[in-house]
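*Asks:* Right, I'll just put the structure down here and ask away after.
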């Protein structure tokens, strides 16, 4: 079943790079755009009628009709961005963004959101630190419906990890987890992250956590908080993955 969605995200730390050097900031954004295009272009080309992607400066807005599919693509995007020290923080909410019809000119376009979906996504995104992909409660309930509704709580997943035998250990639905503060959900995108990395550099794959730790240690408290929260997500992802695979006998 297709589920409409709206995703908003922005790249963390770009303003600091602009203060340091505009050329450095441009290089970071250029890499952000290149990685995003590489991860999403084929999907957009093959699904032009159901997905829209907009990028401006350090922000990305995606809306479409299949939330489960876009979560798979976003999982890949996040992994490849963080492997290049680009921290994307975003949120996905239930419902597809629509714009109010307005009189326009070729060089005067109006994009007035018809509902509050974009505001909801932006507000949810800014409620946490770190490179996170938050999922609002209503969307999580639609994705984890029926038998999988028990996965909406941490203990429910632990008790019912094998409730549907046809869901593989790496299925994207298993990566939807209640946040530590229990206010919404997040995607454990580091789960089996090697599968999504486009760079086959083994050293980079093995040392990702160590690199994040070193950057955190060499940064002030404001910046290190972003990295420490990303590391905490990585640990949660690995823990849930190992628990699942052990229980499933893999």
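The values are calculated or read from the model by the stated rules, or taken from the named source; none is laboratory data. Model, not experiment: these values are computed from the prediction. With ideal geometry, Cβ positions are generated from the backbone for all residues, glycine too; neighbour counts draw on all protein chains shown.
*Asks:* Inside the range 157-180, can you point out the residues that are more than 23 Å from the chain's Cα centre (by Cα) and not in a loop (DSSP other than H, G, I, E, B)? Before the answer, list the steps.
*Replies:* First, the residues of the range 157-180 that are more than 23 Å from the chain's Cα centre (by Cα): 158-160, 162-166.
Passing the criteria: 158, 159, 160.
*Asks:* Hey, another quick one. If you scan the range 54-63, which residues turn out to be out of contact with any strand residue (DSSP E or B) (no Cβ under 6 Å at 6 or more places or on another chain) and buried (at least 18 other Cβ atoms within 10 Å of the Cβ)?
*Replies:* As a first pass, look at the range 54-63 and keep what is out of contact with any strand residue (DSSP E or B) (no Cβ under 6 Å at 6 or more places or on another chain): 55-57.
Once the filter is applied, which keeps residues that are out of contact with any strand residue (DSSP E or B) (no Cβ under 6 Å at 6 or more places or on another chain) and buried (at least 18 other Cβ atoms within 10 Å of the Cβ), the range 54-63 yields nothing.
*Asks:* Determine whether the range 140-152 contains at least one residue that is within 24 Å of residue 59 (Cα to Cα) and touching a strand residue (DSSP E or B) at 6+ places or on another chain (Cβ under 6 Å).
*Replies:* Within the range 140-152 (the criterion being within 24 Å of residue 59 (Cα to Cα) and touching a strand residue (DSSP E or B) at 6+ places or on another chain (Cβ under 6 Å)), the answer is yes, since at least one residue qualifies.
*Asks:* Only one of these conditions is not met by residue 35: (1) touching a residue at least 24 places away in the same chain (Cβ under 8 Å); (2) loosely packed, with under 15 Cβ neighbours inside 10 Å; (3) under 20 Å from residue 130 (Cβ atoms). Which number is it?
*Replies:* (2)
*Asks:* Going by the structure shown, is residue 120 in a strand (DSSP E or B), more than 14 Å from the chain's Cα centre (by Cα) and surrounded by 14 or more Cβ atoms within 10 Å (Cβ to Cβ)? Reasoning before the result, please.
*Replies:* Working: in a strand (DSSP E or B): no; more than 14 Å from the chain's Cα centre (by Cα): yes; surrounded by 14 or more Cβ atoms within 10 Å (Cβ to Cβ): yes.
Against the criterion (in a strand (DSSP E or B), more than 14 Å from the chain's Cα centre (by Cα) and surrounded by 14 or more Cβ atoms within 10 Å (Cβ to Cβ)), residue 120 does not qualify.
*Asks:* With crowded, with 20+ Cβ neighbours inside 10 Å and either farther than 20 Å from residue 235 by Cβ or modelled with pLDDT of 95 or more (or both) as the only criterion, which of 152, 158, 133 stands out?
*Replies:* Answer to the check: 133.
*Asks:* Being at pLDDT 95 or above and assigned to a helix (DSSP H, G or I) narrows it down to one residue among 60, 70; which is it?
*Replies:* Exactly one of 60, 70 is at pLDDT 95 or above and assigned to a helix (DSSP H, G or I), namely 70.
*Asks:* Answer yes or no as to whether residue 90 is assigned to a loop (DSSP other than H, G, I, E, B), touching a residue at least 12 places away in the same chain (Cβ under 8 Å) and under 14 Å from the mean Cα position of the chain (by Cα).
*Replies:* Numbers: assigned to a loop (DSSP other than H, G, I, E, B): no; touching a residue at least 12 places away in the same chain (Cβ under 8 Å): yes; under 14 Å from the mean Cα position of the chain (by Cα): yes.
So residue 90 does not fit the description; no.
*Asks:* Sticking with this structure for a sec: Step by step: first the residues of the range 235-247, then only those that are closer than 17 Å to residue 173 by Cβ and surrounded by 13 or more Cβ atoms within 10 Å (Cβ to Cβ), then the one that is nearest to the chain's Cα centre (by Cα). Which residue is that?
*Replies:* First, the residues of the range 235-247 that are closer than 17 Å to residue 173 by Cβ: 236-237, 240-241, 243-245, 247.
Filter once more, keeping what is surrounded by 13 or more Cβ atoms within 10 Å (Cβ to Cβ): 236-237, 240-241, 243-245.
Details: 236: 15, 237: 13, 240: 17, 241: 17, 243: 22, 244: 21, 245: 23 Å.
Checked the range 235-247; the qualifying residue nearest to the chain's Cα centre (by Cα) is 237.
Residue by residue, here is whether (1) more than 25 Å from residue 230 (Cβ to Cβ); (2) crowded, with 17+ Cβ neighbours inside 10 Å; (3) out of contact with any helix residue (DSSP H, G or I) (no Cβ under 7 Å at 6 or more places or on another chain); (4) touching a residue at least 12 places away in the same chain (Cβ under 8 Å) holds:
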position	(1), (2), (3), (4)
140	no, yes, no, yes
164	yes, no, no, yes
174	no, yes, no, yes
183	no, no, yes, yes
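*Asks:* Going through the range 214-226 one residue at a time, which ones are touching a residue at least 60 places away in the same chain (Cβ under 8 Å) and assigned to a loop (DSSP other than H, G, I, E, B)?
*Replies:* none
*Asks:* Moving on. Can you tell me which residue in the range 83-98 is surrounded by the fewest Cβ atoms within 10 Å (Cβ to Cβ), limited to those that are in contact with a strand residue (DSSP E or B) (Cβ under 8 Å, 6 or more places away or on another chain) and modelled with pLDDT under 95? Explain how you work it out, then say what you get.
*Replies:* Kept after step one, since they are in contact with a strand residue (DSSP E or B) (Cβ under 8 Å, 6 or more places away or on another chain), are these residues of the range 83-98: 86-98.
Checking the rest, the ones that are also modelled with pLDDT under 95 come to 97-98.
Details: 97: 23, 98: 13.
If we take residues in the range 83-98 being in contact with a strand residue (DSSP E or B) (Cβ under 8 Å, 6 or more places away or on another chain) and modelled with pLDDT under 95, then 98 is surrounded by the fewest Cβ atoms within 10 Å (Cβ to Cβ).
Residues checked against (1) in contact with a strand residue (DSSP E or B) (Cβ under 8 Å, 6 or more places away or on another chain); (2) free of Cβ contacts under 8 Å to residues at least 12 places away in the same chain; (3) not in a helix (DSSP H, G or I):
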{"site": "6", "(1), (2), (3)": "yes, no, yes"}
{"site": "10", "(1), (2), (3)": "yes, no, yes"}
{"site": "17", "(1), (2), (3)": "no, yes, no"}
{"site": "23", "(1), (2), (3)": "no, yes, no"}
{"site": "28", "(1), (2), (3)": "yes, no, no"}
{"site": "39", "(1), (2), (3)": "no, no, no"}
{"site": "43", "(1), (2), (3)": "yes, no, no"}
{"site": "49", "(1), (2), (3)": "no, yes, yes"}
{"site": "52", "(1), (2), (3)": "yes, no, yes"}
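*Asks:* While we're here: Just to be sure I understand, how many residues within the range 181-213 are assigned to a helix (DSSP H, G or I) and either under 19 Å from residue 132 (Cβ atoms) or at pLDDT 95 or above (or both)?
*Replies:* From the range 181-213, those assigned to a helix (DSSP H, G or I) are 193-195, 202-206, 208-213; that's our starting set.
Within this subset, residues satisfying the condition of being either under 19 Å from residue 132 (Cβ atoms) or at pLDDT 95 or above (or both) are 193, 208-209, 211-213.
Adding up the residues that qualify gives 6.
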